[in-house]
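Q: First, the structure itself, so that you have it in front of you.
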Amino acid sequence: MPVGHSWVDYVVVALCVAFTVYALIRRQELLLYALPTILSLYFIVPVVSQIAPVQIVPLILGAWLIVADKTGRVGIHGGLIGVLGICILATLAWGVYQGGAGSRPFMRALYYSSMAFTFLYAFAKVRTRADMRAAIWGLAIAGAIHSGYSLYQIFALETGLPFRAIVRGSSGGYSLAMGFGTLRVNGLASEPKRLAYVLFVAAVAAFYLVRQARSPDSRLFLLGTGFVSLLMALLTFSGSFFFAVALTILIVGSISPKLLRVGIIGLLPLSLLFIANPSLGNAAYSTIESTIMDRFDEVEVGLDGETVYRQEFYASDYAQRNPEVAAFGVGLGRYNYVFSREYGLGAGYGENARILPLNSQLLEVMFDLGAFGILLIFVCPAILLLQLGRKNALEMTLFLILSFLLLQALFVTNMVFTAFVIGITASYVHQRRLAMTAIRDQERERRRLNARFATGRLNNSRHMR
C-alpha cells in the first residue's frame, strides 16, 4: 500500500537535525558516515516551502564552521566559495528587484548556500586516510539503506504492506512510477532518477572498499551492497541515469582504459545474472532501449507537442532566443516566473501554482547565476578532476564517482550531494600537494646540509694543510 507525506516526515527531519547537532558536539567522525544518506533522503516539513534534510543540515554545518572557526582550513577554496557567495547575493538582489517570484529567490539562495557549506565541511573535515575511508563508507552506507528499502518496496507492493511512494507535496499525495509492468523503485529519495545516481555512486564506493575490508563479514556486506545497488539502479528505469552512465563509460574509458576495465569487471557478475536468466536480460534490454527512444522522441517533439513534458524544453528555447541568459541568468529563483510569463500555462508552474523545477542542474545554475555560476560549480570541479590523477585505486574511485555525478547533473539536480564528493576530492588533492611539498622541502634541506657538510670538510682540509 503506497503512502505519501505523513507524520513520519517530521520525525525523520527532526532526527536528522538532532543527530547532526549531537555529532558536531560529541562525535564528528560519525557525520562522514551519515552525511551521504542525510543528503539523499527526501522527507519534508512544510515551512514557507518544503524543507528537507538536504537544506537544513548543511546550514547547521555552515554555522558550525563559522562558530568553531574552521574556515581557516579551506585555503584557496574559501576564496572561490567567497566569490560564489558574492555571486549568490548579487543575483538574489537582482531577482528580488525584478520581482514576480515571491520567496523563491531566498529559497534558491539557501540551496546554493547548502551546496557551499557541504563542500566546505567535507573539505575541512577529511584530513587523514581514516577520514577519507569514513567518507567513502558513508557513500556505500547510503546505497545499502536506499537499495534495501527499494527491495522492500517491491515486496510491499506485492504483499500490500505500506511503503513510501513518490511524495507529491505535503498534502499526502503520492504517485507510483511503473516501467514495463514493474515498479520503478524510488527508495527513500522520492524519485527514481534521484535514487539512481546515489545507488551508482554507492556501488562504486562499495567495490573500492572491498579491497580495504578487514573481515569476511565486511567484504560480504560490501559486495552485497555493490551488486544490489547496481541492480536497484537498473530498476529505477531512469533514462537520464542510463544516458549518464553511457557518457561516463565513453568519456572515462577514453581517458583511462584501466578504469574502463575495472568497470567491466565490476559489472561482470551482474551480466552473469542476466545470462543465467535470459528473460530478465531481455526485459532489461527492452526497457533501456524503450526508455532511451522515448527520451529521443520527447526531444524531437520538444515544444511542438500537445503536452510539453519537460521544463528543459522551455529553458533551451528561451536561452536560444535570449543568449544573454548564459552570461547573466534571469535573477535567482525567477526562471519559473519567466517561463510562465513567456509561454503561458504549464510552463514554470503547474496546477495550484505548483513550481515545476528544471531537471538539469546545469540549466538551473545558468538561469540562476549565469556564467559565474557555471564556472564555479561545474568548471572548477572539472579542473579538480584533471588535478586528481588516476595513479591508485582511491584516485580512480574518486575520478569515476565525480565524473559520473558531474555528467548526471546535466539531467538531474544533484549538486548538494555532489558537493560532498567534490569536498572530499579537493581535500585529497590538497593533502597530496602538501605531502609532495613536504617531501620537496626535506630534499632541499638534505641537499643544503650535504652541501654545508661538504664545504666544512673542504675548509678543514685546507686548514690542515
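The values are calculated or read from the model by the stated rules, or taken from the named source; none is laboratory data. All values derive from a computational prediction rather than experimental measurement. When we count neighbours, we look across all protein chains shown, and the Cβ atoms used for this are built from the backbone with ideal geometry, even at glycine. Heavy atoms of the whole protein, side chains included, go into the accessibility calculation; ligands, DNA and RNA do not. Shrake-Rupley method; radii C 1.70, N 1.55, O 1.52, S 1.80 Å.
Q: Which condition number in (1) under 30 Å from Ser103 (Cα atoms); (2) not in a helix (DSSP H, G or I) is the one that Leu362 fails?
A: Failed condition: (2).
Quick grid of which residues meet (1) at pLDDT below 90; (2) open to solvent by less than 20 Å² (accessible area, probe 1.4 Å); (3) of a type in the set (Gly, Ala, Ser); (4) part of a helix (DSSP H, G or I):
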{"site": "Ile86", "(1), (2), (3), (4)": "yes, no, no, yes"}
{"site": "Gly102", "(1), (2), (3), (4)": "yes, no, yes, no"}
{"site": "Ala109", "(1), (2), (3), (4)": "no, yes, yes, yes"}
{"site": "Arg127", "(1), (2), (3), (4)": "yes, no, no, no"}
{"site": "Met132", "(1), (2), (3), (4)": "no, yes, no, yes"}
{"site": "Ala144", "(1), (2), (3), (4)": "no, no, yes, yes"}
{"site": "Tyr174", "(1), (2), (3), (4)": "yes, no, no, no"}
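Q: Under 7 Å by Cβ, and 6 or more places apart or on different chains, what pairs join a residue from segment 180-200 that is outside any strand (DSSP E or B) with one that is open to solvent by 10 Å² or more (accessible area, probe 1.4 Å) and among the basic types (Lys, Arg)?
A: Leu188/Arg164; Pro192/Arg184
Q: If the requirement is being at pLDDT below 60, within 30 Å of Leu223 (Cα to Cα) and either open to solvent by 30 Å² or more (accessible area, probe 1.4 Å) or not in a helix (DSSP H, G or I) (or both), which of these qualifies: Leu267, Leu280, Leu303?
A: Answer to the selection: Leu280.
Q: Name the pairs: first residue in segment 84-96 and closer than 14 Å to Arg334 by Cβ, second residue part of a helix (DSSP H, G or I) and charged (D, E, K, R), Cβ to Cβ under 7 Å, at least 6 apart or on different chains?
A: Qualifying pairs under 7 Å: Thr91/Asp368.
Q: Next up: Tally up the residues in segment 193-220 that are of a type in the set (D, E, K, R) and open to solvent by less than 50 Å² (accessible area, probe 1.4 Å), please.
A: Number satisfying all stated conditions: 1.
Q: Here is a further query. Cβ-Cβ below 6 Å, separation at least six or inter-chain, first residue in segment 378-405 and outside any helix (DSSP H, G or I), second among the small types (Gly, Ala, Ser): which pairs?
A: Matching pairs, first to second residue: Arg390/Ser256.
Q: Taking segment 316-342 only, how many residues are open to solvent by 60 Å² or more (accessible area, probe 1.4 Å) and in a helix (DSSP H, G or I)?
A: In the first step, residues of segment 316-342 are kept if they are open to solvent by 60 Å² or more (accessible area, probe 1.4 Å); the result is 320-321, 323-324, 328, 337, 341-342.
Checking which are in a helix (DSSP H, G or I) leaves us with 320-321, 328, 337, 341-342.
The number of residues fulfilling the criteria is 6.
Q: Name every residue in segment 339-364 that is aliphatic (A, V, I, L, M) and free of Cβ contacts under 8 Å to residues at least 40 places away in the same chain, in order of residue number. If you could, list the steps in order and put the result at the bottom.
A: Initial filter on segment 339-364 (aliphatic (A, V, I, L, M)): 345, 347, 353, 355-356, 358, 362-363.
Those that are aliphatic (A, V, I, L, M) and free of Cβ contacts under 8 Å to residues at least 40 places away in the same chain: Leu345, Ala347, Ala353.
Q: Being part of a helix (DSSP H, G or I), at pLDDT below 90 and open to solvent by 20 Å² or more (accessible area, probe 1.4 Å) narrows it down to one of Gly95, Gly79, so name that one.
A: Gly79
Q: With (1) modelled with pLDDT under 90; (2) surrounded by fewer than 21 Cβ atoms within 10 Å (Cβ to Cβ) as the list, and Leu358 as the residue in question, which single condition is left unmet?
A: That leaves (2) as the condition not met.
Q: Then there is this: When segment 150-160 is examined, which residues are found to be open to solvent by 50 Å² or more (accessible area, probe 1.4 Å) and in contact with a Phe, Trp or Tyr (Cβ under 8 Å, 6 or more places away or on another chain)?
A: Within segment 150-160, Tyr152, Leu157 qualify.
Q: Also, I was wondering about something else. Given Ala426, Ala435, Ala382, which one is surrounded by 22 or more Cβ atoms within 10 Å (Cβ to Cβ), more than 22 Å from Arg108 (Cα to Cα) and not polar (S, T, N, Q)?
A: Testing whether each residue is surrounded by 22 or more Cβ atoms within 10 Å (Cβ to Cβ), more than 22 Å from Arg108 (Cα to Cα) and not polar (S, T, N, Q) leaves just Ala426.
Let's see how each residue does on (1) closer than 17 Å to Phe420 by Cβ; (2) of a type outside the set (Phe, Trp, Tyr):
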site: Phe119; (1), (2): yes, no
site: Phe123; (1), (2): yes, no
site: Arg129; (1), (2): no, yes
site: Ala134; (1), (2): yes, yes
site: Gly138; (1), (2): yes, yes
site: His146; (1), (2): yes, yes
site: Tyr149; (1), (2): no, no
site: Ile154; (1), (2): no, yes
site: Leu157; (1), (2): no, yes
